[in-house]
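Q: The following block contains the structure, expressed as structure tokens.
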Amino acid sequence: MSTKSLLLYQARNSWLERWDPRMKIIAVLLFGSALLITHSPVLKTAQLLILIALWGITKLSWRVLLFTFLSLSIFFASTMIYQSMLMLAPGDDLITWGRLHFSAQGTLKGVMMCEQIAGIVLLLSLLVRTTSPILLAEGLEILLTPLKKWRLPIHEAVMMFSIALRFLPILVEEFDKIRKAQLARGGGFHRKGISSRFRGVLPMLIPLFIMSILRARDLAIAMESRCYQGDEGRTPIRVYRFRFRDYAVLAFSTLNLLFIFVW
């Protein structure tokens, strides 16, 4: 599985890609708030299933979804251990195995927290993988435009966010190249022993840090050569208008949040 397929937006002409980027950000905030607020296991599971269904509608790879959940397995395991074994109430034993005791309430809370973590990660993955970094930055800047009245550097912050989002897969690919080069020289992170592995990290991080600085310098020179001066005097290249589907998404996200309060 390539790094590009894991981290980069790839056009698939899916239904979600046609949503307005501003509405996607608002929907993510509303749906994420509902996911965090609800304490009902039924609603939390239903919301996670909706996100998984959206993943399928978006035509994203199921292997990427499986890889995402597997990468969270350590968080899931630590959460379950903390909730079911360490938050044990008297008389609430679900399973007793030797000196190990698992509580029923703790296990249920652990499952709900795992669903919450998986839901938030899935929500953000859907946003990033169905929206190009340029559209995402433009939508975010439009939504945060009222804050410019207080002279907050919104444009610069959004620019840094979009550059970081664009450069993240490149840095991962360069790290993989450096790791393979170190392995070919007999070094790297895969040698036996914790101390040897720890010493193998530094020779990989130093060239990655230097390459990041060089890339940042090249980007700064390229922007200056094109007379980039922030958002002063700039005009938008795209004009966004909400359509019926965007209002439908807003209505669903708002009703979902309101339903959490009345449940």
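Q: With springs only between Cα atoms under 10 Å, which of H155, H101, H39 fluctuates most in a Gaussian network model of the chain?
A: With Cα springs under 10 Å in the chain, the top fluctuation among H155, H101, H39 is at H101.
Q: Still on this model: For the stretch 147-226, what is the relative contact order in percent, using Cα pairs closer than 8 Å and at least 6 residues apart in sequence?
A: Values: 35 pairs, mean separation 16.1, N = 80.
About 20 percent, as a whole number.
Q: Compute the signed sum of charges (Lys and Arg +1, Asp and Glu -1) over the other residues within less than 11 Å, Cβ to Cβ, of R241. Let's see the in-between values first.
A: Values: positive: R22, R238, R243; negative: D20, D246.
Overall, the nearby charge balance is +1.
Q: Using Cα springs under 10 Å in a Gaussian network model of the chain, which residue among L54, L147, L35 shows the largest mean-square fluctuation?
A: Among L54, L147, L35, the largest mean-square fluctuation in the Gaussian network model of the chain belongs to L147.
Q: Select from T38, T235, T107 the residue whose mean-square fluctuation is largest in a Gaussian network model of the chain (Cα-Cα springs shorter than 10 Å).
A: Fluctuation is largest for T235.
Q: With Kirkwood's inverse mean 1/r over C-alpha pairs for Rh, give me the Rg to Rh ratio of the chain, two decimals please.
A: Numbers: Rg = 22.7 Å, Rh = 22.0 Å.
Ratio of gyration radius to Kirkwood radius for the chain: 1.03.
Q: Once whole DSSP H runs in the chain are found, which of them have Cα atoms spread over 15 Å or more along the helix axis and a mean Kyte-Doolittle score of at least -0.5? List each step's numbers first, then the result.
A: Working: long enough: 21-37 (24 Å, 1.76); 41-57 (24 Å, 1.72); 104-129 (37 Å, 1.26); 133-144 (16 Å, 1.73); 154-184 (45 Å, 0.68); 194-225 (47 Å, 0.96); 244-262 (27 Å, 1.51).
Passing helices, by number: 21-37, 41-57, 104-129, 133-144, 154-184, 194-225, 244-262.
Q: Sort largest first and round to whole Å: the equivalent ellipsoid semi-axes of the stretch 147-226, each the square root of five times a Cα gyration tensor eigenvalue. Provide the component values of the computation, followed by the final result.
A: Values: eigenvalues 251, 44, 18 Å².
Ellipsoid half-lengths, sorted descending, are 35, 15, 9 Å.
Bear in mind that the values in this text are calculations on the coordinates, not laboratory data. Just so we're clear, the structure is a prediction, and the values are computed from it rather than from any experiment. Cβ: placed from backbone, ideal geometry, glycine included. Neighbour counts: every protein chain shown.
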